[in-house]
Amino acid sequence: QVQLVESGGGLVQPGGSLRLSCVASGNIFSIYAMGWYRQAPGKQRELVATIARDGTTNYADSVKARFTISRDNAKKTVYLQMNSLKPEDTAVYLCNAAYFIESYWGQGTQVTVSS
């Protein structure tokens, strides 16, 4: 079992930055592929970024060059640095841990981009 707790969300103006954190507890963190997803009201959940066990990253086209995902296995934490935020980035951001058929989700943290 893996428990995930996200933090770092909030209200930010367009063009601003936020750094999200997701702390894991439970099983060995380093074996899991980690990801950030988001869900806006009335929309489907969508992938934002993932980072594999070996550090390979993948990003949605909409966030490339603006967001950076990273992980610290010693701290059992995955981060999402979000720069140049846009109103369309407003959503609940959720952390995911995956290993073969195992998949765990956090409760999410709200990010609101508005002037």
Connecting C-alpha atoms closer than 10 Å in a GNM of the chain, tell me which of THR56, THR77, THR68 has the biggest fluctuation.
THR56
Relative contact order %, region 13-115, counting alpha carbon pairs below 8 Å whose residues are six or more apart
34
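Of all the accessible heavy-atom surface of the chain, with the other protein chains kept in place and a 1.4 Å probe, what percent is carbon and sulfur?
For the chain, the apolar C and S fraction of the accessible surface comes to 50 percent.
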Zone reached by a paramagnetic label modelled 7 Å from ARG53 Cα along Cα→Cβ, restricted to region 86-115 with backbone N below 11 Å, covers 99-100
With a 1.4 Å probe and every protein chain left in place, work out the accessible area per residue of the chain in Å², rounded to a whole number.
54
Which log10 I(q)/I(0) values, to two decimals, does region 1-100 give at q = 0.13, 0.14, 0.15 Å⁻¹ under the Debye formula with one point per Cα?
-0.42, -0.49, -0.56
Which value in nm describes the separation of the simple spin-label points at ARG45 and GLN107, placed 7 Å from the Cα toward the beta carbon?
1.6
For region 42-115, what is the largest minus smallest coordinate of the Cα atoms on each principal axis, given in angstrom and ordered from greatest to least?
38, 25, 23
Which residues qualify? For GLY108, with a placed amide H closer than 5 Å and at least 5 residues away or on another chain, they are GLU6, CYS95
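Which three numbers, in whole Å and largest first, are the semi-axes of the equivalent ellipsoid of region 1-42 derived from its Cα gyration tensor as √(5λ)?
They are 26, 12, 9 Å, listed from largest to smallest.
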Integer Hz, Karplus 6.51/-1.76/1.60 couplings in order for region 99-115, x for Gly and Pro:
8, 6, 8, 7, 8, 10, 10, x, 7, x, 9, 7, 10, 10, 10, 7, 8
Under a Cβ-only charge scheme (Lys and Arg +1, Asp and Glu -1), can you give me the dipole magnitude of region 4-107 about the Cα centre, in debye to the nearest 20?
120
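The values are calculated or read from the model by the stated rules, or taken from the named source; none is laboratory data. In this text the structure is predicted, and so the values were computed from the model without any measurement. Don't worry about glycine lacking a Cβ; one is built from the backbone with ideal geometry, like all the others, and counts go over all protein chains shown. These accessible areas exclude ligands, DNA and RNA; they are computed on the full protein's heavy atoms, side chains included. Shrake-Rupley method; radii C 1.70, N 1.55, O 1.52, S 1.80 Å.
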